[in-house]
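K.L.:
Dumping the structure here so I can ask a few things about it.
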Amino acid sequence: MTDPAPLRATRLARLRAAMAEAGQEALVLTSASAVRYATGAVPPHGESSVEAAHPFAAVVGTRTVAVLGIEPDCVPADVERDVLPRDARRAAAALADRVGGARRVGIDRLSFAVAEALARALPGAALDTADATVLAARAVKTPEEIALLREAQHANHAAVVEMLPAIAPGVREVELTGRFLAAMARRGVTACHVEPIWCVIPRHAADAPWRFTGSLPYRELPSDRVLVSGDQVMIDTGMLHAGYMSDFGCTWICGRDPGPRDRALRARWEAIVDAVLAECRPGATAAALHRAALGENGTGRPAPWPVPLYLAHGIGIGGVEPPFIGTDLGLAAEERMVLAPGMVLVLEPYVWEEGAGGYRAEAMIAIGADGFEQLSPPPP
């Protein structure tokens, strides 16, 4: 099933406005999320290059849009369709034919061989990156996109809640994935974007498989580890609903109710989220959210998120996207990241104490006209 016409039209208009702002007359797109955003076509797999086993691409002009390499039943009827050869020279020729006489062309994720061949096929055109143009269009979501993200998040939350009783002593971490995917399938969602994570949080730094200097101990790969009563099981999941990604996680205590130290860790996480939410409004910078989290976390502690992950990130069609808040780009870069109505963020701080363990959960919000809207139910 392809994306509905009104949603496609709105996204394409946003993309063409971003093209005009960047001075680009055409885009050649090969990432799955960019192709779907621009055309409403549903690619056969997650990512592509034009030399992949099943290559695909989209070419967007100021008045035309075409999809190459995707089966007809996955392409809207009003979008032009063509084949895309695997050979670099022939692929470049097919793409150049669709680009036409455009003088400045944005490209994304083309291999060196195809990009070089495309440059030869378009001698009068200047080629530059399409990434900034696509991300500028995608940064602000339409109400229809926000509704899809909300639906995805609520389905994901419900599926996690359904299978929480399975987090029991004697179960292996890796056994939980199948139960979760089955719960999502019962809700009509089967496209798994993030391999589901069910990891016991280390209570001692020495028990962590790795950590970055100055960062918090962490695990993010499930194993054959057998759960025991009292384990703090960190959950992180991400599924695609109509192409839009859910990103829901929480921490669940195996086999018993949370103890005083578990509850104290969750309370710290909630206080950090509340401090960040207090800054979430149009015109605020990513740096303001960063500083709010550090301030609430207190002095003398590592930042409340594990390197190389984030305090928060954007999300939309096909997966996570900018802004990324809390990276090693630093506060100076984050001062230039300004929130606007329609932006959607996932807040995902993590708190941890030696001997007590940790707590991590995720909250999805949409920036509104004068504040924010919660798209996630509270973590269970």
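The values are calculated or read from the model by the stated rules, or taken from the named source; none is laboratory data. All values reported here derive from a predicted model rather than from experimental measurement. Cβ coordinates were reconstructed from backbone atoms using ideal geometry, including for glycine residues, and neighbour counts include every protein chain displayed. Heads up: the accessible areas ignore ligands, DNA and RNA and are worked out on the full protein's heavy atoms, side chains in. Shrake-Rupley method; radii C 1.70, N 1.55, O 1.52, S 1.80 Å.
K.L.:
Please report the relative contact order for the chain, taking Cα pairs under 8 Å with a sequence separation of at least 6, and give it as a percent rounded to a whole number.
P.N.:
14 percent
K.L.:
Using 0.36 nm per residue of separation minus the Cα-Cα distance, give me the extension gain between Arg211 and Ser229 in nm, one decimal.
P.N.:
Stretched out fully, the Arg211 to Ser229 stretch lengthens by 4.0 nm.
K.L.:
Which shape class, rounded, prolate or oblate, goes with the stretch 298-380 when its Cα gyration tensor gives a ≥ b ≥ c as root eigenvalues, a/c under 1.5 marks rounded, and past that a/b bigger than b/c marks prolate? Write down the numbers at each step before the final one.
P.N.:
On the way: a/c = 1.99, a/b = 1.35, b/c = 1.47.
Judged from the Cα gyration tensor, the stretch 298-380 comes out oblate (a/c at least 1.5, b/c at or above a/b).
K.L.:
Continuing with this model, one more query. I need to check one value: relative contact order of the stretch 198-277, counting alpha carbon pairs closer than 8 Å and at least 6 residues apart, in percent. If you can, show how the numbers build up before the last one.
P.N.:
On the way: 88 pairs, mean separation 19.5, N = 80.
Relative contact order for the stretch 198-277 comes out at 24 percent.
K.L.:
Still on this structure, I have one more. Just how far, in whole angstrom, is the stretch 178-233 from the stretch 257-283 if you go by their alpha carbon centroids?
P.N.:
Cα centroid of the stretch 257-283 versus Cα centroid of the stretch 178-233: 20 Å apart.
K.L.:
Sticking with this structure for a sec: Within the stretch 4-21, name every residue whose backbone N is under 13 Å away from a label modeled 7 Å from Cα of Thr64 along the Cβ vector.
P.N.:
none
K.L.:
Out of the stretch 134-196, which trypsin sites (Lys or Arg not before Pro) are coil in DSSP terms and have no more than 15 other C-beta atoms within 10 Å?
P.N.:
Here the trypsin sites (Lys or Arg not before Pro) that fit, given the DSSP loop and packing criteria, are Arg186.
K.L.:
OK, next. How far is helix 112-121 tilted off the main Cα axis of the chain, in degrees rounded to 10, range 0 to 90?
P.N.:
30 degrees
K.L.:
Stretch Arg104-Asp274 to full length: gain in nm at 0.36 nm per residue minus the Cα-Cα span? Show your work: numbers first, answer last.
P.N.:
Numbers: separation 170, 0.36 × 170 = 61.20 nm, distance 4.51 nm.
Gain in length upon complete extension: 56.7 nm.
K.L.:
Once you sort the root eigenvalues of the Cα gyration tensor of the stretch 168-221 as a ≥ b ≥ c, which label holds: rounded (a/c under 1.5), prolate (a/b larger than b/c) or oblate (the other case)?
P.N.:
Values: a/c = 4.32, a/b = 1.97, b/c = 2.19.
It comes out oblate by the Cα gyration axes.
K.L.:
Roughly how many Å is it from the Cα centre of the stretch 1-42 to that of the stretch 101-152, as a whole number?
P.N.:
8 Å
K.L.:
Moving on. Using R₀ = 25 Å, calculate the FRET efficiency as 1/(1 + (r/R₀)^6) where r is the Cβ-Cβ separation of Thr129 and Val338; round to 0.05. Please list the in-between numbers first.
P.N.:
Working: r = 21 Å, r/R0 = 0.86.
Rounded to the nearest 0.05, the efficiency is 0.70.
K.L.:
Follow-up question, since we're still on this one. What residues qualify as long-range amide H neighbours of Gly318, i.e. H under 5 Å apart, gap of 5 or more or another chain, H built at 1.01 Å from N?
P.N.:
Amide H neighbours of Gly318: Tyr244, Met245.
K.L.:
Oh, and also: Compute the convex hull volume of the Cα atoms of the stretch 233-297, divide it by the residue count, and report the result per residue in Å³ as a whole number. Intermediate values should be presented prior to the final figure.
P.N.:
Details: hull volume 7.6 nm³, N = 65.
Once divided by residue count, the hull of the stretch 233-297 is 117 Å³.
K.L.:
How would the stretch 122-224 be classified by its alpha-carbon gyration tensor: rounded, prolate or oblate, with rounded meaning a/c under 1.5 and the a/b versus b/c comparison settling the rest?
P.N.:
Because a/c hits 1.5 or more and a/b fails to exceed b/c, the stretch 122-224 counts as oblate.
K.L.:
Where does the chain land at 222 nm, in deg cm²/dmol rounded to the nearest 500, when only DSSP H runs of n ≥ 4 count, each adding -39500 (n - 2.57), divided by all residues?
P.N.:
Result for the chain, helices only: -10000 deg cm²/dmol.
K.L.:
If I ignore ligands, DNA and RNA and count only protein heavy atoms, how much of Asp274 is accessible to a 1.4 Å probe, in Å² to the nearest 10?
P.N.:
100 Å²
K.L.:
At 7 Å along Cα-to-Cβ for each site, give me the label-to-label distance between Ala5 and Ala158 in nm.
P.N.:
In this crude spin-label approximation the distance works out to 3.0 nm.
K.L.:
Tell me, what HN-Hα J-couplings in whole Hz come from the Karplus equation 6.51 cos²θ - 1.76 cosθ + 1.60 at θ = phi - 60° for each residue of the stretch 254-266, using x for Gly and Pro?
P.N.:
Values, residue by residue: 6, x, 7, 6, x, x, x, 6, 4, 5, 5, 5, 5 Hz.
K.L.:
Please get the size of the charge dipole for the stretch 167-208, origin at its Cα centre, with Cβ charges of +1 on Lys and Arg and -1 on Asp and Glu, quoted in debye to the nearest 20.
P.N.:
Details: 5 positive and 4 negative charges, 46 e Å.
My answer is approximately 220 debye.
K.L.:
A further question follows. Over the stretch 184-234, what is the mean sequence separation of C-alpha contacts under 8 Å (at least six apart), divided by residue count, expressed as relative contact order in percent?
P.N.:
Working: 44 pairs, mean separation 21.0, N = 51.
The value is 41 percent.
K.L.:
At 7 Å along Cα-to-Cβ for each site, give me the label-to-label distance between Asp370 and Glu175 in nm.
P.N.:
About 5.3 nm separates the two model spin labels.
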